[in-house]
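Just so you know, all these numbers are worked out from the coordinates, no wet-lab data involved. Every value quoted in this text rests on a predicted model; they were computed, and no experiment measured them. Note: ideal-geometry Cβ built from the backbone for every residue, glycine included; neighbour counts use all protein chains shown.
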Amino acid sequence: MKNLITTGILVLIIVAIIGVLIINSISKKKNVTEQILTNSVEELSALEKEAFNSQFEGFKGDISGTLVKSLVAKVIASNTIYPDRTLEITTAEPNECVSLVSGATNATYGTEFANSKTYTVTLIYGTSSVVEKISVEKKQ
């Protein structure tokens, strides 16, 4: 009888140890899975930022008034699609530029950008590496 009780206790101890090992193994796999998911989300964020910025990066530098108008239209569309990431266009000459403030979905031109003029476009990035402002200046 004593041998049967001792054997039963040993079996319970072995089952408990196996259970602990299985739980630890599952826990480690869960942590690895969570880390993979976290990395994927961060990478997706980086890809989202790159996609968002890329729609404006083609306008950097010296461009024609026609392209500035296209840029303004793209900003208006972006502000509509991404209301949490609204852009602002600024200029040194208010009568030449767009009055487009953060959150605005329409633009008012003082005087139209002249198709024949050249403008310098500068993208200003925020702390999260996303374009936050766009500066447009008429080139002399």
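Quick notes
- Here the label points at Val130 and Lys60, each 7 Å from Cα along the C-beta direction, are separated by 1.9 nm in the simple model.
- Packing around the peptides 46-56, 129-139, 5-15, taken as the average count of other Cβ atoms within 10 Å per residue, puts them in this order, highest first: 129-139, 46-56, 5-15.
- HN-Hα J in Hz across region 123-132 - Karplus 6.51, -1.76, 1.60, θ = phi - 60°, x for Gly and Pro: 8, 10, 9, x, 5, 8, 6, 10, 4, 10
- Once both labels are positioned 7 Å from their Cα atoms along Cα-to-Cβ, the gap between Thr6 and Asn53 label points is 7.2 nm.
- Under the Karplus curve 6.51 cos²θ - 1.76 cosθ + 1.60, θ = phi - 60°, whole-Hz ³J(HN,Hα) for region 5-11, x wherever Gly or Pro sits: 5, 4, 4, x, 5, 4, 4
- Here the spin labels are modelled as points 7 Å beyond Cα on the Cα-Cβ line, and at Ser70 and Leu21 they lie 6.6 nm apart.
- Taking amide H positions as modeled 1.01 Å from N, with prolines and chain starts lacking one, the residues under 5 Å from Thr90 and 5 or more places away or on another chain are Ile134, Ser135, Val136.
- Residue-wise HN-Hα coupling along region 134-140, computed from phi with Karplus coefficients 6.51, -1.76, 1.60 (Hz; x: Gly, Pro): 10, 9, 10, 10, 6, 7, 6
- Here's how it looks for Thr118: its modeled amide H is under 5 Å from those of Lys139, which are all 5 or more places away or on a different chain.
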